[in-house]
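Heads up: the structure comes next, in structure tokens.
The values are calculated or read from the model by the stated rules, or taken from the named source; none is laboratory data. Predicted model only: the values in this text are computed from it and were never measured. Positions of Cβ are backbone-derived with ideal geometry, glycine not excepted, and every protein chain shown enters the neighbour counts. Remember, those area values only see protein heavy atoms, side chains included, never the ligands or the DNA or RNA. Shrake-Rupley method; radii C 1.70, N 1.55, O 1.52, S 1.80 Å.
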Amino acid sequence: MKHVIVLFSLFILTTSFHAPKVHNTSRTGYDGNFVEISSVKYKDEQFNVIYMKREGNRVKAKYFAAADFNGNNVYKRYQKWVPGKNVILVSSGTYMDYDGIPVGLTIDNGVVVNKTLANNFDGLVIVNVNGGITVTNLKDGDLQLKGTDVDTTRKYDLRKSAWDMQAFIKWAVSHEATVFQSHLLVYNNKLEIAFKNASNAIAPRRFLAIGKDEKGKIVHAIIQSTEYATLYNGSKKSLEFLNQFKDMEVNFMINLDTGDQDVFKLYDRDGTYNRMIKGEKDLSVAVNLLTYYFQ
């Protein structure tokens, strides 16, 4: 029955969401074997999903965490970077304060932006220069680093050890990593957000989930539920959908902003805009940006 629903959802996608075409001449597109865009009805709720395979390192992520020290804001930085890139999607990222400063520990491509670790965000997200993303649960205090100049067996506890914190920052700078903090909604395929601690505010929810498919291959998924929900309920339903419908074991899931900087643009494999998932704000208002591209 699952395969019938998938085929139906792809048919709906083709007939409803791909017209009219708006061409973007700066992009040539990407290989559709690595990216699946679908709209699926599951338990009377609509889920829109961009499902990306990391096999072969063809699909890559890049995160623009903040304005640079030359006064170029995130939008200007993105505009300078994007020519010639085969962009799959671009999305608003995580949390900022009222002054536009990223909340929590933030390092942008090896440049330290904010070195204060936020206690209320347990997810530490690391975007590597090779386009991969990893997340550690700061509560566990077991972050392990990779590279020729570090002890790969050592476990770093950034909250309890100032030495570990400084060693991690030094590693991130030398490896030109991008680091930021976020709410950790799912970790090791288990819901981390607690009902009693979650906000009661309802909104459309958009998440980034990374895990393994039924073959054990790493996949990245952007999932959006079109129904208004609390962060807890949206997380719970999305995890169930990914587990049951997509056969995905979720290593972690974090929140993507759908509030004041609700930015989202999606492209089809031929480089045209796809309006299935779209943000309500213009790209120019973003104070941070997550983008996926094909190389």
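Comparison of Gly110, Gly147, Gly131 shows that the only residue that is touching a Lys or Arg at 6+ places or on another chain (Cβ under 6 Å) and either surrounded by fewer than 21 Cβ atoms within 10 Å (Cβ to Cβ) or modelled with pLDDT under 95 (or both) is Gly131. Which of (1) buried (at least 19 other Cβ atoms within 10 Å of the Cβ); (2) closer than 18 Å to Lys53 by Cα; (3) of a type outside the set (Asp, Glu) does Arg269 not meet, given it meets every other one? For Arg269, the failing item is (1).
Considering segment 83-105, and only residues there that are among the small types (Gly, Ala, Ser) and over 27 Å from Phe34 (Cα atoms), the residue that is modelled with the lowest pLDDT turns out to be Gly100. Taken over segment 172-224, residues that are part of a strand (DSSP E or B), of a type in the set (Phe, Trp, Tyr) and open to solvent by 60 Å² or more (accessible area, probe 1.4 Å) amount to 0. Summed over segment 230-246, the residues that are closer than 14 Å to Asp257 by Cα and among the hydrophobic types (A, V, I, L, M, F, W, C) give a count of 1. When Lys80, Lys62 are checked against the criterion of being over 18 Å from the mean Cα position of the chain (by Cα) and modelled with pLDDT of 95 or more, Lys80 stands alone in meeting it.
Out of Gly259, Gly234, one residue alone is open to solvent by less than 10 Å² (accessible area, probe 1.4 Å) and of a type outside the set (A, V, I, L, M, F, W, C). It is Gly234. Scan segment 17-38 and give yes if some residue there is open to solvent by 20 Å² or more (accessible area, probe 1.4 Å), outside any loop (DSSP other than H, G, I, E, B) and at pLDDT below 50, otherwise no. Checking segment 17-38: at least one residue is open to solvent by 20 Å² or more (accessible area, probe 1.4 Å), outside any loop (DSSP other than H, G, I, E, B) and at pLDDT below 50. Within segment 241-254, being more than 11 Å from Ile223 (Cβ to Cβ) and either open to solvent by less than 10 Å² (accessible area, probe 1.4 Å) or not in a loop (DSSP other than H, G, I, E, B) (or both) holds for Asn243, Gln244, Glu249, Asn251, Phe252, Ile254.
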